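K.L.:
Shown below is the structure under consideration.
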Amino acid sequence: LHDDGGATIEVRMPAGSRGKAHLHPRGEELFMVDGHVSVGGQDLGPGDYLYTSPGEWHFAAARTDCRFVLVLPALPEYP
């Protein structure tokens with residue numbers, strides 16, 4: 001956890017799993033390490049980077065077992 005309310009986390013998702021739809025009030029940076037995931041309709045693989053703008057709703061769907069790092073200036077919000 002960051003002192004300002006954000007966090008940097010490593011996420012591991014098994015193939016076929018899906019996260020809940022959410023938004024990031026201050027944006028999000030995603031760095032792919034292993035596997036393949038779809039986030040907001042974009043397919044990502046090892047070495048890919050994705051920036052999600054503040055307030056943009058999305059979810060992650062693992063196409064294979066995958067691992068990625070998220071840098072969150074603020075924790076996500078769920079409906």
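K.L.:
Taking the stated definitions as given, is Glu10 in a strand (DSSP E or B) and open to solvent by 70 Å² or more (accessible area, probe 1.4 Å)?
P.N.:
When the stated conditions are applied, Glu10 passes them.
K.L.:
If you scan region 13-24, which residues turn out to be in a loop (DSSP other than H, G, I, E, B) and not hydrophobic (A, V, I, L, M, F, W, C)?
P.N.:
Across region 13-24, the qualifying residues are Pro14, Gly16, Ser17, Gly19, Lys20, His24.
Condition check ((1) in contact (Cβ under 8 Å) with a residue 24 or more places away in the chain; (2) among the acidic types (Asp, Glu)) across all residues:
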residue: Gly6; (1), (2): yes, no
residue: Lys20; (1), (2): yes, no
residue: Gly35; (1), (2): yes, no
residue: Tyr49; (1), (2): no, no
residue: Glu56; (1), (2): yes, yes
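K.L.:
Limited to region 27-37, what total is found for residues that are open to solvent by 20 Å² or more (accessible area, probe 1.4 Å) and under 18 Å from Pro76 (Cβ atoms)?
P.N.:
2
K.L.:
Scan region 38-77 for residues that are open to solvent by 70 Å² or more (accessible area, probe 1.4 Å), under 15 Å from Ala7 (Cβ atoms) and either aromatic (Phe, Trp, Tyr) or in a strand (DSSP E or B) (or both) and jot them down.
P.N.:
Glu77
The values are calculated or read from the model by the stated rules, or taken from the named source; none is laboratory data. Computed from a predicted model, the values in this text were never measured in an experiment. No Cβ is skipped: glycine too gets one built from the backbone with ideal geometry, and neighbour counts run over all protein chains shown. Keep in mind that these areas ignore ligands, DNA and RNA; they rest on the heavy atoms of the full protein, side chains included. Shrake-Rupley method; radii C 1.70, N 1.55, O 1.52, S 1.80 Å.
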